[in-house]
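What follows is a single structure, written as C-alpha cells, with notes after it.
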Amino acid sequence: MVGLSRGFNKVVLMGNLARDPEIRYTAAKQAVAKLTVAVGHQYKGKTGEMVDQTDFIPVVVWGSQAENCERYLRKGRPVLIEGRLQVRSYETKEGEKRTVTEVVSQNVVFLGGRRDEETAPPPVPRANGQLSSLREEKAFEDFPMDITEMESEDEADIPF
C-alpha cells in the first residue's frame, strides 16, 4: 500500500469582515464561529483598464478564539487570518449533498483600533485621583490582539 505524502496547506488572508461573526455551539459545548472575510484585488481587464474585484472567503474559527471573535469583531473590521483550506461535504435536512470550501483558522489577528466605545476598557484612576481611560493613558494597547488559543476540531461538522 502506498502512503500519502505530507502536503503543505497554508492560507493567509487579510481583509475586512463582510458581516458580523455567527457563533454556535456543538453538543459538547465547544464554540464554532463562521466569519466571512472580504478580500479585494485588482486585475487588468481586456481593454487595459484596472478592474476591482472582491472575493468573500468563508472562515471557521473554533473554541475560545471563536468566542473572542464574536466579542470583539464586527462587520467592516480588518482581520488577518492564518489557517488551512478545507473541503468537506454534508447532507441537508432535505437530503441534498452539499460541498463547502472554507478556511479553518489557526490564528486570528485583530487589526486596527477599536471602532466604538462599547468595547473600550473601563476607566482607571490616575495618580491624582481623576479617572482616565487606559487608551488615553496608553497604559496598554490590546489591538492588534493576537488570539492563538485553538481548541480541538474533533467535534462533529456543523454546517452553517
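A few comments on the model shown:
- Of everything in the stretch 60-94 that is in contact with a helix residue (DSSP H, G or I) (Cβ under 9 Å, 6 or more places away or on another chain) and in a strand (DSSP E or B), the residue that is nearest to residue 107 (Cα to Cα) is 61.
- Flag if residue 27 is surrounded by 15 or more Cβ atoms within 10 Å (Cβ to Cβ) and not acidic (Asp, Glu): no
- Selection of the stretch 95-104 for residues being part of a strand (DSSP E or B) and farther than 18 Å from residue 33 by Cα yields 97, 98, 99.
- Entirely in the stretch 1-52, the strands (runs of 3 or more DSSP E) that have 3 or more residues that are charged (D, E, K, R) and under 17 Å from residue 82 (Cβ atoms): none
- Given (1) touching a strand residue (DSSP E or B) at 6+ places or on another chain (Cβ under 7 Å); (2) free of Cβ contacts under 8 Å to residues at least 40 places away in the same chain; (3) among the polar types (S, T, N, Q), number of the condition residue 16 does not satisfy: (2)
- The set of residues in the stretch 45-64 that are touching a Phe, Trp or Tyr at 6+ places or on another chain (Cβ under 9 Å) and free of Cβ contacts under 8 Å to residues at least 12 places away in the same chain comprises 50, 51.
Every read-out reported here was derived from the displayed coordinates using simple, explicitly stated rules and does not represent laboratory data. Everything numeric in this text was worked out from a predicted model, so none of it was measured. So basically every Cβ, Gly included, is an ideal-geometry build from the backbone, and we count neighbours across all protein chains shown.
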